[in-house]
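The values are calculated or read from the model by the stated rules, or taken from the named source; none is laboratory data. Bear in mind the structure is a predicted one, so any value in this text is a computation, not a measurement. Note that each Cβ is placed from the backbone with ideal geometry, even for glycine, and that neighbours are counted across all protein chains shown. Accessible surface areas use protein heavy atoms only, side chains included; no ligands, DNA or RNA. Shrake-Rupley method; radii C 1.70, N 1.55, O 1.52, S 1.80 Å.
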Amino acid sequence: MRYFFRRLIHTMFLLLGVSVLSFLFVALAPGDYFEEMRLNPQISQATVAAMRSKYGLDQPLPKRYFRWMQSVLRGELGFSFSYDTPVRPLLVARAKNTLLLTATAALLSWLVAIPLGVWSSSRKAKWLDRVLTLGTTTLLAIPDLMLALVLLLIALRTGWFPTGGLHDIRFSRLNAWGKVEDTVAHIFLPVMCLVLGSLPILFRHIRSALVEVLDSPFIRSARGHGIPEGRVLFLYALPAAANPLISLFGFSVGTLLSASLLVEVLMSWPGIGPLLVEAILARDIYLVIGAVMFSTLFLVGGNLLADLLLYLADPRIRME
Amino acid sequence: MYASESRKASETKSDRPNFKTAIAIAMFAIIAAGLPRVSAAQGPQPLHAGEEVLVTSGEPGRFGGKLVASLRSEPKTLNPITATDISSLQVIGLMAADLIHINRYTQRTEPALAKSWKVSRDGKIYTLQLRRGLRFSDGSPFNADDVLFSFQVFLDPKVHSAQLDLLTVGGKPITVRKIDDYQVRFDLAEADAAAERLFDSVAVVPRHLLQGSYQNGKIAETWGLATSPQQIAGLGPFRIQEYVPGQRITLERNPYYWKADRQYRRLPYFDEITFLFVPSEDAEVIRFQAGDVDVISRLSAENFSALNNYQRARGYNLFDLGPGLQYEFLFFNLNDIPSKQTEEMAHKQEWFRQVNFRQAISAAIDREGIVRLVYQGRAAPLWDQVTPGNKLWFNSAVPRPPRSLEKARELLRRAGFSWKSDGALADSRGHTVEFTIVAGAGNAQRAKIATIIQDDLSQLGMRVQIVPLEFGALMNRAFETYDYEACVLGLLGSDADPNPERNVWLLDGGMHLWKLHRTTPPTPWEAEIDLLMRQQLTTLNYEARKRLYDRVQQLVAENLPLICLVSPHVLVGAKTSLGNFRPAKLNDYTLWNAEELFFRQEESAKTR
């Protein structure tokens, strides 16, 4: 418990540091939200200046940070200039969609990667292992952008899948089963893209962790005792190789909010991605900082989770 | 249709007076009243006596169906008073109406909520006659009080509406007076040649819904995206039905809309219009090609070509409308910036300030090459700020000399430049001519234009570097720090009239890009442009005004404060079956006549 609290306090400091830094970097970037308004010949400079002062952009940086901090404590996470509303509801509505996508993709990646990795490691240097390694290396070399575009092209040519969005426009009029079907059809391509992108990394980590363990004397001894291979692999070898995998799991939880930004923009998935890209381009700074803080929260949360799992899984860490 | 259905319902009830049924119906009514309007759109109300509807001239269409369009960014608000971004304005444009409207196709003004108007001889008083018997989309009546209230809000400096500057004529805000319930008088401090066009940007809002929030000082925060549809009403052809964050916004028919077709049937034809949020042009193109989206606008030349191959097979038509109002240009930093001026910048500005130097650059740039290489032929070369797409103000007398390196060299020689032995151009003091052009990194076309200019000018011995900059950073340099040498930028006029451009051309205009900071007196041609712009603003006769603005264009083409380069074509697409589709060169290109659009046959697309 003390360990947990210590980590929690570390996390708080980390979040504070991230907030100061992201605030500073965003503020240092030249230009602000109202700069683009100046390209509208119908709006005078006086009006732009008045809007700037209305949103407090003419205030010194520490004062703006202090005001932003107050709004964080109120649970608003700042104020979006472009949407004229607090940031939190904007992020929460879209974070749900992002999580639906990334959690499904992460779950699927792990479910596929574990058996593949275990299987491949048990047949080290045989043709199956080689095919799998070659396949994942190829996938690793393909950029996510290209993967997404190829999948979109397939959808467009075959007409089997929708080319974007989360739901069909008649979604609200579908029955429960129709809604599930519609969501699955829409989520398929973006999930495929994310799974194909993350699978090679997971697969290779699992494989290499297991290959190391499978060489160790206790596995040889287990095999020598005639314990069935499946049991050896999943009940003896896998738990022994778990430590790096738990860290990796923490990392994949941590990146749940940020892993899919590109895919979301390309496949018009209504998540945080399109909102964040637009906010960055428009210099909607509090929305950007809000999204960064949200992602950081997930990252530190994921790491915390990994550490706790390691603490529970590995007696050596408990001893330390 | 709606009226007859409701009559049937009441007949059934009176035929069989059943207590349980009555309770069930009452409960249903209570529940239904509390639900958001997500049911099928209400049919159009029949026209009633005394209602002064506007009869349109389009082909009579078929009622029903849904149109699906897309937006590259989400609308930010549904409040016409505070909206400034394209997406919000596009959606609001379908939900609101104005007194006098600019027809996007003809580019001329036409009656809207005002059926007619009179202008005093001195051009300072406008008396507008409003249509009688009109209703907002929530069914409440419209009259002069709503007009008065709308202008009161738009003109209130505390509200910070973007239209305030436009509604300030001769340094004073327009004053509005009610003569009777259907007559309103507008007083201008001085005559304004484009006064009729000002009304186009002011949406009439319902006083009964917004007065409370205006009095509480909360008008800017009202009608956000989270507002319940029941709280929002307008006079446009559609009204809000549903907004799903990140996904779409759906509008449904305004059953009380004030336009009818030639057969005296109340418009619009469509039950609903849905805007899907598709965050990039490429994704938008894919969805259009897949048939998920019925209309597409603001296409790039590359995507236009890509879509062109599948027109027949996929059941859509593409339209190249020719040059729009957008103009792309190169300009030099002519700001007076002594405090920050380094010696290097000082002698560079000496070149930039010479008309001969700018003329030489203009003569050396291969505009046809830009059209061919950057826009695949889908743009028009340009020598001044008014594009051939601007039907009313284009000046065909402006000289349009073809590219000539000889002429450019001659001009440079005349300005005292010479060439070193290695071919590099040098000024009279021996400084090699080299400068940087900044261009928006996010805009592929502008980056390519800059590269072509770099190559063209290298043939004159100039050394040009290109610095791609993120757009916000570029704007900061152009408007705040003046830390740049030359820049490629584009402007998109919101209206064909020269009036909205005044901030670009007046000496003290906030968009006087090349010289926002001035400590020295203006050159004679700058002063003349300023004078001509002021004169044309108050000249009421179109021909006289055109002569003044023609002269402005001539001065710009001669003195080149902006070296105008090209005007991209307006490229759009729509399903073949879309009736009354008449895309325009003014924004909103495709849906400006949304009330008249209809599908010729039952759509079988998978989304409907």
Sorted list, accessible surface of protein heavy atoms, 1.4 Å probe, largest first, for A:M293, A:M12 is A:M12, A:M293
Karplus ³J(HN,Hα) for the stretch B:248-257 (6.51 cos²θ - 1.76 cosθ + 1.60, θ = phi - 60°; Hz, whole; x = Gly/Pro) runs 6, 10, 10, 10, 10, 4, 7, x, 10, 4
Whole-Hz Karplus couplings 3J(HN,Hα) for the stretch A:164-173, θ = phi - 60° and coefficients 6.51, -1.76, 1.60, Gly and Pro as x, run x, x, 9, 9, 6, 6, 9, 3, 5, 9
Taking only C-alpha positions in the stretch B:388-448, Rg and Dmax in angstrom work out to 17.5, 50
The distance between the Cα centres of the stretch B:528-602 and the stretch A:203-229, in whole Å, is 74
Under 5 Å from the placed amide H of A:S80, counting only residues 5+ away or on other chains, we find A:T85, A:V87
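Take the residue pairs B:K546/B:K585; B:K76/B:K391; B:K448/B:K585; B:K172/B:K585; B:K118/B:K218; B:K118/B:K585 and return only those whose Cα atoms are more than 26 Å apart. Each step should come with its number before you reach the end.
Working: B:K546/B:K585 20 Å; B:K76/B:K391 33 Å; B:K448/B:K585 24 Å; B:K172/B:K585 32 Å; B:K118/B:K218 35 Å; B:K118/B:K585 29 Å.
Correct reply: B:K76/B:K391; B:K172/B:K585; B:K118/B:K218; B:K118/B:K585.
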Helix A:61-73 sits off the longest principal axis of the Cα atoms of chain A, rounded to the nearest 10 on a 0 to 90 degree scale, by 60
Of the accessible area of the stretch A:90-319, computed with a 1.4 Å probe and all protein chains kept, carbon and sulfur make up a percent value of 72
The ³J(HN,Hα) series, computed from each phi in the stretch B:509-526 with the Karplus coefficients 6.51, -1.76 and 1.60 at θ = phi - 60°, rounded to the nearest Hz and given as x for glycine or proline, is x, x, 10, 6, 2, 6, 8, 7, 10, 10, 10, 9, x, x, 6, x, 5, 5
A correct Kirkwood calculation over the Cα atoms of the stretch B:184-330 returns a hydrodynamic radius in Å of 19.6
Under a 1.4 Å probe, counting only protein heavy atoms, B:Y316 has an accessible area in Å², nearest 10, of 10
Listed by chain and number, the lysines with an alpha carbon less than 16 angstrom from that of B:K515, same-chain partners under 8 positions apart left out, are B:K340, B:K348
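Given the -39500 (n - 2.57) contribution per DSSP H run of 4+ residues, what per-residue ellipticity at 222 nm results for the protein assembly as shown, rounded to the nearest 500 deg cm²/dmol?
Per the formula, -14000 deg cm²/dmol.
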Share of accessible surface on carbon and sulfur in the stretch B:141-195, whole %, 1.4 Å probe and ligands ignored, is 50
Expressed in angstrom and ordered largest first, the alpha-carbon extents of the stretch B:483-608 along the principal axes are 66, 41, 22
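Pop out the Kirkwood hydrodynamic radius of chain A from its pairwise C-alpha distances, inverse of mean 1/r, in Å to one decimal.
Working: mean 1/r = 0.0438 Å⁻¹.
Final number for the Kirkwood radius of chain A is 22.8 Å.
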Relative contact order as a percentage, the stretch A:245-320, C-alpha pairs under 8 Å and 6+ apart, gives 43
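Across the residues of A:263-271, average count of Cβ atoms on other protein chains within 10 Å? Walk me through the numbers on the way to the answer.
Values: counts 0, 2, 5, 5, 5, 14, 4, 9, 1.
Average neighbour count from other chains, rounded to a whole number: 5.
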For the stretch B:444-530, Rg(Cα) over 2.2 N^0.38 Å is 1.27
Expressed in square angstrom to the nearest 10, the accessible area of A:F13 with a 1.4 Å probe stands at 140
Expressed in angstrom and rounded, the centroid-to-centroid distance over alpha carbons for the stretch A:252-283 and the stretch A:29-60 is 26
When chain A is treated as a Gaussian network with springs between alpha carbons less than 10 Å apart, the largest mean-square fluctuation among A:L151, A:L73, A:L275 is found at A:L73
Which residues qualify? For B:A260, with a placed amide H closer than 5 Å and at least 5 residues away or on another chain, they are B:L54, B:V55, B:T56, B:L267
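About the Cα centre of chain A, how large is the charge dipole given +1 on each Lys and Arg Cβ and -1 on each Asp and Glu Cβ? Please answer in debye to the nearest 20. Each step should come with its number before you reach the end.
Values: 29 positive and 20 negative charges, 131 e Å.
The calculated dipole for chain A is roughly 640 debye.
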Net charge (Lys, Arg +1; Asp, Glu -1) of residues whose beta-carbon lies under 14 Å from that of A:R67, A:R67 excluded, is +2
Share of Cα-Cα pairs in the stretch B:327-568 beyond 28 Å, whole percent, is 30
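At 0.692 mPa s and 37 °C, plugging the Kirkwood radius over alpha-carbon pairs of the protein assembly as shown into Stokes-Einstein gives what diffusion coefficient in µm²/s? Please report the intermediate quantities before stating the final value.
Numbers: Rh = 31.4 Å.
D, rounded to a whole number, is 105 µm²/s.
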Cα pairs beyond 15 Å in the stretch A:2-87, in percent, come to 69
quick shape note, the stretch B:38-132: Cα extents on principal axes in Å, largest first -> 49, 36, 24
Computed over chain B: longest principal axis from alpha-carbon atoms vs helix B:444-458 long axis, angle to nearest 10 degrees, is 10
Given all pairs of distinct Cα atoms, the stretch B:347-414 yields a Kirkwood Rh in Å of 13.5
Given the candidates A:L15, A:W177, A:L139, the one whose Cα lies deepest towards the positive end of the charge dipole of the protein assembly as shown, counting +1 at each Lys or Arg C-beta and -1 at each Asp or Glu C-beta, is A:W177
One would report the Cα pair-distance distribution of the stretch B:170-264, bin width 5 Å, in %, as 2, 9, 13, 17, 18, 17, 12, 8, 3, 0
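Summarise the partner chain shielding of B:280-290 as one whole number: the mean count of Cβ atoms from other chains within 10 Å of each residue's Cβ. Present the calculation step by step, with values, prior to reporting the outcome.
Working: counts 7, 0, 4, 11, 2, 2, 10, 7, 1, 2, 9.
Shielding by partners across B:280-290 averages 5.
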One finds the C-alpha centres of the stretch A:136-183 and the stretch B:122-163 to be spaced, in Å, by 47
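Roughly how big is the protein assembly as shown's charge dipole about its Cα centre, with Cβ charges of +1 (Lys, Arg) and -1 (Asp, Glu), in debye to the nearest 20?
1720
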Longest principal axis of chain A (C-alpha) makes with the long axis of helix A:87-122 (C-alpha) an angle, in degrees to the nearest 10, of 20
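Return a whole-number percent for the relative contact order of chain B, with Cα pairs under 8 Å and 6 or more residues apart as the contact set.
Numbers: 1182 pairs, mean separation 114.7, N = 608.
Relative contact order for chain B comes out at 19 percent.
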Rg/Rh over Cα atoms for the stretch A:152-251, Kirkwood Rh, comes to 1.24
Taking GluC sites (Glu not before Pro) in a DSSP loop with at most 14 other Cβ atoms within 10 angstrom as exposed, one finds the longest site-free stretch of chain B at B:191-601
Taking only the Cα positions of chain B, the convex hull volume per residue in Å³ is 170
From highest to lowest solvent-accessible area (probe 1.4 Å; ligands, DNA and RNA excluded), B:H569, A:H225, B:H48 read A:H225, B:H48, B:H569
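Determine the total buried accessible area between chain A and chain B, counting protein heavy atoms only with a 1.4 Å probe; round to the nearest 100 Å².
When A and B are taken together, about 4500 Å² of accessible area is lost.
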Rounded to whole Å², per residue accessible area for the protein assembly as shown with a 1.4 Å probe reads 43
For B:L148 the rounded accessible area (nearest 10 Å², probe 1.4 Å, non-protein molecules ignored) is 50
Lys and Arg at +1, Asp and Glu at -1: neighbours of A:L310 with Cβ under 10 Å from its Cβ sum to 0
